[in-house]
Every structure is written in C-alpha cells, then in structure tokens.
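**Student:** Can you read through this structure? Questions will come right after.
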Amino acid sequence: VTGLIAASIENVSVAAAAVTDHHPAFVSTDRVSRPATRLSWKTSRRRQRPFDNLALKNRNGILCGGVPLLQMAGSGASAEGTEELRRSFVSSIKSKNLAGMVSNDGNGDDICIDFGDEPNLVAVTGETGSGKSVLIAKVASLVSGGPASPTMVPSSASEAIVEMTIHLAEPHLSMVESACRAVGVDASKLLAQDPGGLSAKLILQRTLTLQPTKLSAGKPRLKSACQVNGKAVTLKAMKAIAGPLLTIVDAAAAASALSRPNSRLSVMDTAVPTSIKAEALRTKTAYRKARRHREALEQELNSQVLPPSYSHSDDPNEEAIEMLRHWVDELDAFEERMVKFQDFAVGGSISSNDRAIGSAQLSETLQRFRSASWFDYTSEKQTNGGSAPSTAASEFYTQLLDLREVVKDMDVQLQAAVSARDTLSAISLPDSAVTALERARNHLFDATGGQVGSIKDSTGQDIFSAAAEDAHERLNTVEIALSDCVKSLEDSNKGLIATLERMVDSIGVSLEDIDAIIADWNALSRKHAISPFSLPSCHKALRSELDGSVEARLMLPKAKATEEAALEEYEFACAKLTASRQENCARLSKAVTDRLPSLGILSQFEARLNASVQSCTDPGAFGEGSGLGIDTVDFFLQHQTSNDEGELTGGRDTARGGKLENIGSAGEKARILLAIETELPGSVGALCKSGVPTLANGDGDEGVDAEVQGGTKSVAVIYDEIDSHVGGRAAVAMAKLLVDQTRPLSQDGRISGSGGQVICITHSPSVAAVADRHVVIQKANTDKLLIGTNPVHAALVDGDLREEELGRMCGGDLAREEALQFAAALLRDGELQKSPQ
C-alpha cells in the first residue's frame, strides 16, 4: 500500500490501475491514507483548526487534502475498469470569478473541484454561506444553458467563467449525438471519442461578460459565450446538448414540481416501456394529421359559394345540368370580358415627367390591378396556406373598386384645374378674374371722366392725370399676370391641365367604363343572391359542380375512414398506456409507503391515476402541445390511525389526508421525492424537467425518440440541500436512499450502468458519511480581501480530514474529541450502508 502511494505521485496511471483492481466499483483512498496520517493529525487536533493549511492541487491531479487523485486518462483508468465500469459521470467542476469567488490555494483564481474517477455519491459540505450552491448547483445550471444574471459577475471583474467536465458513455453518448443533430451541430467534430467509440469527454464552458451600455446611467448588459470541447456553440445548442445530462433539485423545486400535473404524470411514465410511449405518440400524431385533413376538406366544401337556389345532387337531372351550364357559360363570358377590360385599363403608362399629386398612387393602383386575377382571393393568400377559405373575398373586385376611386379622384383633379383656368380667363363667366378686371377698368374710367387736367401742383404738373395713368398701368400688369397664369395651365408640355389629361388617358378606361363593369358585376351577383366579392368563388364552385370534379367531395369519404381508423389505433394505444400507468401507480404506492416509516412519515402514500379524464377526440388529448395519453395522476398522503400494537389500520375511506402538494410539508415532499426516485430511477429528472410533450418538427415523427426516452436517467442528479428540513433517523434513511440511487442495477452479475451519479450539497453528517467522495468548500481566513472577491478553499477530503469535517458538522466547535469519535463511527456505518445487501 505504501508503495502504491509513492508510485501515484510519480506515475498516476500505474496507481490508478492498481487501486482499481483493489476495488472495482470505485476508487477509495480512505484505507490507504488513514494509517499514514493518523498519528500526525491525532496530536494536532486540539491546537489546529481543520483546513487552516489545506492545500489544493487539483489542476495537476497530485494532491488534494493529502489524498492522491487519480485522473481519467482517455476513457477510463484502466482497460479492465473500462470494460466493466463504463458509464457516464461528472468528473470536475471549475469556476473563476463567479459571484466574486476565487481560489485561495495559490494557483491562480480558478476554483477546481475534481471528483476523481467514476464517483457514485459525492457529498459537498461547508459552513453556511461558504458558496456551495453557487460553485456546484449554479455552475451546473449555467453550463446546461440555465439563466444567468449580472450579479454573477462581480463589478471588479469583466467576466466570469464556469466549466464542467462530463465523461459520456451509453446511453448518454447517443443522447448527445442526437441533440447535436437536432441543433445542427456536427457531433463527430464536437465529441472526442475514445478509440473504441464507446465513450467521450464533454467539456462544457460558459463565459459571462458584463458590457457597459451607451447610456452612462444604464445597467451593463450580460453576454454569454458558450463552448463545448473548445468549439463555440449557441446558448440554445448548449442547452439542448447539456440540459438532459444534468438534473438540479432543491426542496423548493421539488415542492413546485410535485404540484404540476404534467410533472406527476412524467414520473409515472419513467417506468412505462418505451414501446408503449412511442406507440401512443405515433398514433396521436397520425390521428391529428388525419383529423386535420378531414377538417380541411370539409372547410373547403363549406366555403364553396353556390346560389341559394341550387342544391347539390349526386345524380342531377337534365334540367339541373342545363341550368348549371347556362350559369357557367354566362360567368365564363363575364370572366373573359373582365380580362379584356384589365388589358385596356393597364395598357397605358405614366411619363416620368408627370409628377403631379396622385401619380404615385395611380401607378401603384394600376400595378395591383394588373397583377390581380379572376380567381384571386385575399383570404387564401393570408391564411390557410392556399386552401379554400371560409369567406373568400375577391381580390379582383377589390382592386377594381380601388381603381375606380383613383380614376374618380383624377377626374376631380382635372375638373378642378379646368375650373381654375376658366375662373381666370373666361369672359363669359361673371365671376372670372378677366371679367372682374374689365369691370375694374370701367370703374376707373368712370372715376377719371371730366376731371382730367383740372388739378395741378405748384410746378404746374397735372396730379389727377398722373394718378389715373398709374392705376391703369397696374391693371395692365395684373392682366398680363393673369394671361401668363392661364398660359401655364394650358401649356401642352408642362401645363397642369395637359399633365392631368395625359394621366387620365394613360388608364385606358374612363370612369363611365368602370361604372358599367361594376354595374354588370353587381347584377350577376344579385342574380345568384351572393355578395359581389364572392362572384368568382361562385363561378369556380359552379364549374366544379358541372364538371363533377369537386376534389374535396371525392376525397372526403376516404379521409373520414382514415380518421376513424387512426382514432381507433390511438384509443387502443391510450388504453395500453393507461394500463401501464395504473400498474406503475400501484407498485409505486406500495414501495413508497413501505419506505415512509423509516423516513419518519407514519402515513400512506398513494399515486392515484385518474384514468380517461378526457376523450381522445378532445383537443387537449391530440392537439399541438397536448400531453401524452388521456390520464392525470395525483399524489395523496393519507394519515392513518394505529391500533394498540402500533400497527396502521384503515384504508382509503377511513384515512385522513389529502393531496401531497396541499398537505405535505417541505420536508415530507423532499423525502417522498427521494423515495420515488429510488423506486423509479430517472423520475427526478422527469419531475423537474417535464413540460408539455412536443414533437421536434410539429407533425413529423422525428421527435418520437426525444419524447419517449424520458426514462433515461441524467448523468448526475444534483441535490441542493434537499435534506434541509430533515434530521435524526429520517436523515439516516435519506442517506440510505441516496446510496440506493447510485447503486448500479445488477443483471447476471454484471454492472449494467443504470446506476447514476448523485452530487448532494448537504449539512447532514449522515449523508456526508456515506458518500464515495467528500468535497469541502470553505471561506478563506484572510485579511487581504480585494474588493468584489471572495476567496474560498474547495478540496476533496479523506481520512482524518474527512473526520474533522464530519466532526464539525456534528458539533461545530463543541466536544471536538467526542465529535471526532462519532464521525469515525459514521464513516464505519457508511461503509456498511454502501455494501451490497
């Protein structure tokens, strides 16, 4: 043993192979390190506080609290261990400047927590406020795409970096590859697999950066940069890749998850065979497709616009056929007339020199009218993807009305310009400017008549005559200006009247022509008792009736038969799913109830399935965003009475209690959650991550694999003080549950790899004593603190260091010798609990 310790310092791989052979399930250095350190620590316990000189050298993998760390090399510690123990696990967590936390081990600011080689149960302990949840749970949340806030980055640092290393094996390796394909990432370039292709290492890194805003008073923006194995990916891709690999649970999350119906149903579905869930999802998708197809055909038939006087018949007589032919011929002729009218209307063009008001509007209106067609529907272009709408408004008629309004406006403008010219120059108009000017001359002549030369100044000049001549000259100036204005209006090139005339002539049709077309259109609409906007739709429907080629009517019987068959298959699949859920509820109720006494809960747990609470034809059972199946499940906690011998008596009818989310305390919910996870591995992940089941591509089947693999456990479940409301015997029982969750299931004497990793942030010495790895996080005792930083120690401990920590957890600074003895007893009992039963 001493030789192995010395060899590990120089050659880690040699030591790893030797120790792995010694204990194939996990690498434990507890028995190796304890004899070498017992004496020195025994003599120093009274005068030295634990961890004062704790050194952390995880970055080189040599020493951590006096314990050799065996780093993973490639895919496993040894060839023998790789064959037998290949499964996924989190091997290390790193952070820098997260919430101001930096390392105080002298090796830089990076805090590195190395869990070693394939740890099953990892306990993370430390004083309250030391940063356990931030360094473990928050880092896990961030690297799996969780939300971040600016408070995670201290003001004194420009960025914070978090990193997690995960070793992947099946089935998680396939899950990651599938997630990469879903987000468009090349998994072969992203994952560095071992030579055999059976495992890979996944290094998740996320950098949070604070960037100042342009406004001086504005808050800085938080930006994320994500990397997977050194390659940049989007936050969405990181969440898709890493999200399913990690499950983070605390007491509040457990209580909240247990209150969600979809979450409870997801718990039961973890034990439902994958084939049953896949069949239910496949048949639900098929039924939804068939139903939508039938509804679309019926909508198309209902949207057909037919005259009220016409009724469809599968065997029409000759008179009905003749009437249909007459209607169709009449509407065909009108359609041809409309096409010719359209050609005439848009035949001209507006000169680039014509910039009068309204020319741009006229050009746009003509363009829209040119692009409109007889069977053009506004509703079809905007909704239903081109299928027949329930109310089809003719785009052609709409553009025709718009054209009429523009032409009418142009006529009004032209008439206004002609009126302006006539008001200026028409002698025949009594109120024209020329007539007014002539009247002014006459009045001026009358004003000077008989008085010429009668008024002179001191020099002898005739004042009256000069004034009259000046007035006449000014009237001449006004007459010339009026003449120039009239010439400007009548100019054949640039005049307003000529420009407006050219614009009206460019349309090709007059307002009277448009009104005549609209009148005939309305007359046909009144004849068939329909809206003018529906005339083209009526034409199309009548033509289909005459030809006997109403495609929707021909396809509808087959669509109904397909829907009925799909519904029958879906109902059968739902019945199988309900039966499996019912069986799981009964098994889970008994198993959890049997565990409750040891957890300090003298009650009966019942998972009650409310089967077939809705029909398969309800939108909540088959529509987009609907759940799987037609059931709901409730968790009940029944408080029963006991007889004189202390045995529980009574059943559901005599028990007192109610739904777990209503009457259960936070501690009871946490304990029951652990019991459920122990009986149904993977249920915690389903409970905390469940949402409404969805398909990857809406109606496609590519999402089936992602939907039905809910039973696959996460690589690691991180419990953030899940035992915070528990103590005494219940805490011991919870520790045993955590051990059971990590225990690999045995099949034919071989490890199947279905046991998962558990990382538990805890204040319970009972939980910490049964852990395979024990990490201590402690605030540094230093007076030289930089503003915005929080130095911490993070170390993997074993041997006497572990006893010291357990003693602190039991009694703090009180009765330290007795606490250390009790800690040693806890460790011995923990080894017994970890041994196979």
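The values are calculated or read from the model by the stated rules, or taken from the named source; none is laboratory data. Everything numeric here is computed off the predicted structure, so don't read it as measured data. Neighbour counts are summed over all protein chains in view; Cβ atoms, including those assigned to glycine, are modelled from backbone coordinates with ideal geometry. These area figures cover heavy atoms from the full protein model, side chains too; ligands, DNA and RNA do not enter into them. Shrake-Rupley method; radii C 1.70, N 1.55, O 1.52, S 1.80 Å.
**Student:** Would you please name the residue that is modelled with the lowest pLDDT, looking only at residues in the range 104-130 that are in a loop (DSSP other than H, G, I, E, B) and either open to solvent by less than 10 Å² (accessible area, probe 1.4 Å) or within 23 Å of residue 88 (Cα to Cα) (or both)?
**Tutor:** Only one residue tops the list, namely 118.
**Student:** For the range 223-326, please list each of the helices (runs of 4 or more DSSP H) lying entirely inside it that holds at least 2 residues being open to solvent by 20 Å² or more (accessible area, probe 1.4 Å), more than 30 Å from residue 591 (Cα to Cα) and in contact (Cβ under 8 Å) with a residue 40 or more places away in the chain.
**Tutor:** Per the criteria, 235-242, 274-302.
**Student:** Additional query: Give the residues of the range 589-602 that are among the hydroxyl-bearing types (Ser, Thr, Tyr) and either free of Cβ contacts under 8 Å to residues at least 40 places away in the same chain or open to solvent by less than 60 Å² (accessible area, probe 1.4 Å) (or both), sorted by residue number.
**Tutor:** Residues satisfying the conditions are 589, 593.
**Student:** Return yes or no: is residue 566 hydrophobic (A, V, I, L, M, F, W, C) and closer than 28 Å to residue 370 by Cα?
**Tutor:** Judged against the criteria, residue 566 is not a match.
**Student:** For the range 381-414, give me each residue that is out of contact with any helix residue (DSSP H, G or I) (no Cβ under 6 Å at 6 or more places or on another chain) and modelled with pLDDT of 85 or more.
**Tutor:** Scanning the range 381-414 gives 396, 398, 400, 401, 405, 409, 412.
**Student:** Now a separate question. Do any helices (runs of 4 or more DSSP H) entirely within the range 620-714 hold 3 or more residues that are modelled with pLDDT of 75 or more, and if so, which?
**Tutor:** Passing ranges, in order: 660-663, 666-679, 683-689.
**Student:** Looking only at the range 422-449, count how many residues are among the basic types (Lys, Arg) and open to solvent by 60 Å² or more (accessible area, probe 1.4 Å).
**Tutor:** 1
**Student:** With the requirement that a residue be more than 24 Å from residue 611 (Cβ to Cβ) and out of contact with any His (no Cβ under 8 Å at 6 or more places or on another chain), what does the range 554-584 give you?
**Tutor:** 554, 555, 556, 557, 558, 560, 561
**Student:** With the structure loaded, tell me whether residue 786 is modelled with pLDDT under 85, assigned to a helix (DSSP H, G or I) and over 24 Å from residue 720 (Cβ atoms) or whether it fails that test.
**Tutor:** Considered against the rule, which asks whether it is modelled with pLDDT under 85, assigned to a helix (DSSP H, G or I) and over 24 Å from residue 720 (Cβ atoms), residue 786 comes out as no.
**Student:** Restricting the search to the range 511-558, which residues are surrounded by fewer than 19 Cβ atoms within 10 Å (Cβ to Cβ), touching a residue at least 24 places away in the same chain (Cβ under 8 Å) and of a type in the set (Asp, Glu)?
**Tutor:** Answer for the range 511-558, where residues must be surrounded by fewer than 19 Cβ atoms within 10 Å (Cβ to Cβ), touching a residue at least 24 places away in the same chain (Cβ under 8 Å) and of a type in the set (Asp, Glu): 513, 515, 520.
**Student:** Scan 565, 561, 586 and give me the residue that is within 30 Å of residue 310 (Cα to Cα) and either assigned to a helix (DSSP H, G or I) or open to solvent by 60 Å² or more (accessible area, probe 1.4 Å) (or both).
**Tutor:** Among 565, 561, 586, only 561 is within 30 Å of residue 310 (Cα to Cα) and either assigned to a helix (DSSP H, G or I) or open to solvent by 60 Å² or more (accessible area, probe 1.4 Å) (or both).
**Student:** Within the range 514-572, which residues are at pLDDT below 90, among the aliphatic types (A, V, I, L, M) and under 30 Å from residue 278 (Cα atoms)?
**Tutor:** Residues satisfying the conditions are 555, 556.
**Student:** Do any residues in the range 606-631 that are in contact (Cβ under 8 Å) with a residue 60 or more places away in the chain have Cβ atoms under 9 Å from those of residues that are outside any loop (DSSP other than H, G, I, E, B) and among the acidic types (Asp, Glu), where the two are at least six apart or on different chains, and which pairs are they?
**Tutor:** Qualifying pairs under 9 Å: 607/634; 609/634; 616/571; 628/269; 628/707; 629/269.
**Student:** Criterion first (at pLDDT 80 or above, part of a helix (DSSP H, G or I), within 30 Å of residue 511 (Cα to Cα) and not hydroxyl-bearing (Ser, Thr, Tyr)) does residue 417 satisfy it?
**Tutor:** Spelling it out, residue 417 is indeed at pLDDT 80 or above, part of a helix (DSSP H, G or I), within 30 Å of residue 511 (Cα to Cα) and not hydroxyl-bearing (Ser, Thr, Tyr).
**Student:** Which residue, of 458, 483, is farther than 30 Å from residue 341 by Cβ and either surrounded by fewer than 12 Cβ atoms within 10 Å (Cβ to Cβ) or modelled with pLDDT under 80 (or both)?
**Tutor:** The conditions single out 458.
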